[in-house]
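Okay, structure first, notes after.
Where a number appears in this text, it was derived from the coordinates with a stated rule and is not lab data. Remember, it's a predicted structure, so these values are computed and weren't measured experimentally. Virtual Cβ from ideal backbone geometry, glycine too; neighbours counted across all protein chains shown.
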């Protein structure tokens with residue numbers, strides 16, 4: 001019996017440098033209640049319901065599962081769509097000199113066109129720029 005390994009998905013790295021310490025960036029970005037302030041492509045409102053984070057978004061009602069709090073700057077999260085499809089989103093906060101580098105890995109999902117991938121990358125870049133503006137204004 002032959003088992004075929006899953007195909008690799010194309011990926012893009014979207015990042016932003018933020019002139020704030022990594023612990024501060026992580027603390028703000030890891031709190032799902034802050035998502036509506038900076039992640040416009042993800043959440044319009046966020047609430048915890050039955051131990052799970054739920055949000056309204058352009059994609060409809062979604063559930064968000066965050067990686068447990070950690071000292072490594074890992075902010076990975078899964079977004080579960082109304083259809084039940086789960087999208088894994090790797091996100092990291094890393095030291096960059098006296099500030100931080102925030103890196104999001106965007107994967108091309110099956111059936112996604114070049115235009116859709118480019119639009120997703122544009123939305124993520126916009127959201128990360130908003131995160132930078134919020135944190136650097138503090």
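A few comments on the model shown:
- Between the helical axis of 114-136 and the longest alpha-carbon principal axis of the chain there is an angle of about 20 degrees.
- Contact order relative to length of the stretch 11-136, as percent, for alpha carbon pairs under 8 angstrom and 6 or more apart: 34 percent
- For the stretch 63-103, taking Cα atoms only, Rg and Dmax work out to 12.7, 42 Å respectively.
- Shape category assigned to the stretch 11-136 from the gyration tensor of Cα positions, a/c cut at 1.5: oblate
- For the listed peptides 115-128, 82-95, 24-37, a ranking on the average number of other beta carbons within 10 Å per residue, highest first, reads 24-37, 115-128, 82-95.
- The chain: calculated mean residue ellipticity at 222 nm from DSSP helix runs of at least 4, using -39500 (n - 2.57): -8000 deg cm²/dmol
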